[in-house]
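Coordinate-derived values only; no laboratory data. Predicted model only: the values in this text are computed from it and were never measured. Reconstructed Cβ throughout: ideal geometry from the backbone, glycine too, with neighbour counts over all protein chains shown.
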Amino acid sequence: MLDVQLSELLGAAPSGAGEALDLVAGFDGALTHGFARIGEEPAAALAALAGALAGTPVGERVSEAVEKVSAGSVGDEHLAALAGARAALFGAVHDALLGRLDAALGRTRAAWEPAGDPAGDRAGDRAGDRAEVADNLLAGCRVWLRELAIVGWRGVDHDLVSSADQTIEALLAVPELRGLAVLLDGLATELRASCPVATMERVPVRRWADLWTRAMLLSQRGPWSAGGERVSGRLLILGADVHEHATAVRVQVHGILEAAGGAPARLVRTSVAAAKVDTIVGPTVWRLLGGHPVLLAALAEHRAVEITDMPLLSGGDLVWHDDRARAGEEADPFAIARVQLAEVTAPPVTPLDRHPVRIAEPVLVEGYKTDGRAFDLGGHTIRLDLDRLPSAGPLTPELVKASTACVGLVRWDAGQWSLQPLAVQATVKKKPVTAHNGDWAMGPTDPKVVKAEAKAGDVVAVLRERAGRLLRK
């Protein structure tokens, strides 16, 4: 539960955070303008970036990169150094914010231990021919990212976006590089939908720069492997964060792992996802995840899950294998949070995930007053992030407003902390009501929603049948 140090958490941002974010904004402005012709203002922003990192281990490389780019020489190694500098600034802000949050929650966090040489973990490195393929594909990614940096966002057109299609398709065929492929595909899709970018009234500068930075770093050969171990034990689910998009759905489950052998309990996450079309919305999206029946049943029935030899990455993510899980006894997420959440160990944050917007820490909040927009905890308020409530579950703004207890994720975005509800306990018409994002994982339980779905028909089944007919032709 958020404790008496909440006032410190909700106060001013950590010292130096504003200055670091200003440097990032300067770099993002230069990237928007493009590095083909560096004007006076972008040059000053890049120089300020180099100056801020001058005393760090990357200072010399960043200074050289700024000098070369400002002179019109834009090489892959220079862009990688600039991307690293931007990521380092965000990482420093992330660490300061997360440290303050951990202190407010009294939460212990495991220290990050770099993985060994990741070369042996990549299939592309197990054989010379595959290594060459992987290197060529990474080089192709860097070529496209370099072109984006040279022309700037305002210079992006359909031809430039389309030039990445072949590389992305090839990346998708290599399992070890599929994460980078999805990232690039997402960026390309957004750019294609915005073309010509020069006519846009407002460019999402920060978002596109975030995607460009991460892609540039992932396209390097480096220690990005998260490492990990295989674990067995009991997973106690706290809540589900459902991400619905036009072409994909992902469910990220937050929970507590009680590992076999008596190891201390720790916070973990696990995710399952599926591709979709924009006509599949609301509770219907759960049908796309039918390949994970044990996890879906655990969400809908509020059960623990017994897992066996499931991979756990060092950043705290379980790589879900439904065949290595079986449903356990009933386990109330609110009871779990009240008894265990204050004592668990949080996972370390992997280097590439050190970004403020990626902070999402599970908490239990009780004893608050609310106007439906924020929780008032003894005179200190935290804003509610209701835009993240999914249409695939029963949790609504009205239930949040009527709630007396909430399991949610504390986040930091746009310069302030917020709370994203995952589950609430409320009183409606003098009766206790509990609602979780994952309650409809096995199908909606609200009679009105069931009736509406029945009237609309099984969209997923229809689309699959049509796809089957097309394939048979």
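Of note:
- From phi via Karplus (6.51, -1.76, 1.60), per-residue ³J(HN,Hα) for the stretch 82-88 in Hz, x at Gly/Pro: 5, 4, x, 5, 4, 5, 5
- Full-stretch length increase - Lys429, Arg221 - with 0.36 nm per residue and alpha-carbon distance subtracted: 69.0 nm
- Rounded to the nearest 0.05, the FRET efficiency derived from the C-beta distance between Asp22 and Asp376 at R0 = 45 Å is 0.90.
- Aspartates and glutamates with Cα under 19 Å of Lys429, excluding same-chain neighbours fewer than 8 positions away: Asp371, Glu398, Asp446
- Among the trypsin sites (Lys or Arg not before Pro) in the stretch 382-445, those placed in a DSSP loop whose Cβ has at most 10 other Cβ atoms within 10 Å are Lys429, Lys430.
- Amide H contacts of Leu384 (H built 1.01 Å from N, under 5 Å, at least 5 apart or other chain): Ala374, Phe375, Leu419
- The loop-placed trypsin sites (Lys or Arg not before Pro) in the stretch 1-107, going by DSSP, that have at most 13 neighbouring Cβ atoms within 10 Å of their Cβ come out as Arg37.
- Backbone HN-Hα couplings from phi across the stretch 241-248 [Karplus 6.51/-1.76/1.60, Hz, Gly and Pro as x]: 9, 9, 9, 9, 10, 4, 10, 7
- Within the chain, the longest run free of GluC sites (Glu not before Pro) that sit in a DSSP loop with at most 15 other Cβ atoms within 10 Å is 1-200.
- Sum of side-chain charges, Gly140 neighbourhood, beta-carbon under 12 Å (Lys, Arg +1; Asp, Glu -1): -3
- With both labels modelled 7 Å from their Cα along Cα-to-Cβ, the Ser73 to Glu41 distance reads 2.8 nm.
- Computed about its Cα centre, the charge dipole of the chain is approximately 1320 debye, with only Lys, Arg, Asp and Glu carrying charge at their Cβ.
- Going from the residue with the fewest nearby Cβ atoms within 10 Å to the one with the most, Ile336, Ile237 rank Ile336, Ile237.
- With a cut-off of 9 Å between beta carbons, the residues surrounding Ala246 carry a summed charge of -1, where Lys and Arg count +1 and Asp and Glu -1.
- Remark: the stretch 268-281, residue by residue, has Karplus-estimated 3J(HN,Hα) of 9, 10, 8, 9, 10, 8, 7, 6, 7, 10, 6, 7, 8, 9 Hz, where x stands for each Gly or Pro and the curve is 6.51 cos²θ - 1.76 cosθ + 1.60 at θ = phi - 60°.
- Nitroxide proxy distance, nm - points 7 Å out along Cα→Cβ at Ser271 and Arg178: 1.3
- Loop trypsin sites (Lys or Arg not before Pro), the stretch 171-220 (other Cβ atoms within 10 Å of the site Cβ: 13 or fewer; DSSP): Arg202
- Gained length - Lys369 relative to Ala139, 0.36 nm times residue gap less alpha-carbon distance: 77.4 nm
- The slack between Asp413 and Met200, meaning 0.36 nm per residue of separation minus the straight C-alpha distance, is 74.3 nm.
- Signed unit charges on C-beta, dipole axis of the chain, positive-most listed residue Leu191, Trp153, Pro333: Pro333
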